[in-house]
Structure formats: structure tokens, C-alpha cells
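Input: a single structure, listed below in C-alpha cells.
Please treat every number below as a calculation from the coordinates, not as lab data. Every value quoted in this text rests on a predicted model; they were computed, and no experiment measured them. Virtual Cβ from ideal backbone geometry, glycine too; neighbours counted across all protein chains shown.
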Amino acid sequence: MPLRRAIGISALFALVLARPALGQKSYALGIGGGAVIPVGRLSDVQTTGYNAVLGLAIGVADLPIGIRFDGIYNNLSRKKSLPVSSGTSSYDLRVIGALGNLIFAFPGTSAKPYIILGGGYYNTKSSLPGAKSENKFGFNGGVGATFGIGPFATFLESRYHSVSRSAANGGVMQFVPITVGLMF
């Protein structure tokens, strides 16, 4: 009887461990950072700054389409000094966002290129004393690639962001972050 029980338990473990769906992760957490480049009218007053991203990617291993939720932080420095009554001569622009994106991944062996497209909620605020933050909707789209490194994957991507703002607040704000990060 103990031999039968051992064989039965061994067979059960073999069946459970052999199921391919259990061996394939359907999600990944990511963290990254890099440079953010102002484009359009924003480049007239801001210079290249830095960005950070925290993301959750969800997909199915057999399908090329997935979704990714991102939290972003961007900081752009002022290009020219402007006199301000408070004594501050320049200010930074901070852009925080919560985004939902669709990802289309192309097949690849060592590198998997992808296209990312989505939209979300952006909060902007200058570091100027007394400045108020502004919440607006915007969209983003870009390209990237993931590269497998052991249990992790690195990613390199560039996205174009466009945030709708009133003409009184400078009009449409556009910027392009270039991000390098890890997915685990």
C-alpha cells in the first residue's frame, strides 16, 4: 500500500507540475527611468529632464496583444530664467500620470519589439510658488523592445505623450520620454 500511495502522489505532482499554463506568467511588474524630451511649444520653455515609470503588464503567452497600466513621473527644467515677483528666477514642470495602454508584441527570440498605445489622466504643476496643479486627459503611443536576462526582462521604449490644455495655459503639451527598465 505505501508503494501505491507514493506512486499516486508522484503521478499527481507530475501532472500538476507539467501543466504549461502554470509555468507561464501572465503578468509582469516593471520599473524604469530615463530622459524626457519636450517637443512642440513645450520645447520653447523647458529643457530635457528625467522620467520614472512603474507598470503592470498583463497578457497571455500565446497572444501578441496585452494591456499595461503605468504610473509615470516626469520633471522638466525651465529653459530660460524668468523674473518672478517671489524672487524665483526659474521653475520646473512636473507631470504625473496614470495610464492604460494596449501593447502589440511582435515575435522575437532574444528581443521582442512592441507597439504601445493608450491614454490616461495627467496632472501637471510648475514649481513656481503659488502655482496650481492642472488635471487633464491625454494620450500616448510609441515603440519599444524587451530583452530577456535570466528571470528578468529589460525594456527600452520611447513614447510620444500629448496632453490637452487650454490655450491660456500654453495649449497642448507634448513630450517624449526615453525609458530603460526591468520587468519581473
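What to note about this one:
- Under the Karplus curve 6.51 cos²θ - 1.76 cosθ + 1.60, θ = phi - 60°, whole-Hz ³J(HN,Hα) for the stretch 156-173, x wherever Gly or Pro sits: 10, 8, 9, 10, 9, 10, 10, 10, 6, 9, 5, 4, 5, 9, x, x, 4, 9
- Normalised by the number of residues in the stretch 66-184, the mean separation of alpha-carbon contacts (under 8 Å, six or more apart) gives a relative contact order of 18 percent.
- The stretch 37-176 shape via C-alpha gyration tensor axes, a/c threshold 1.5: prolate
- Here the label points at SER77 and ASN135, each 7 Å from Cα along the C-beta direction, are separated by 3.2 nm in the simple model.
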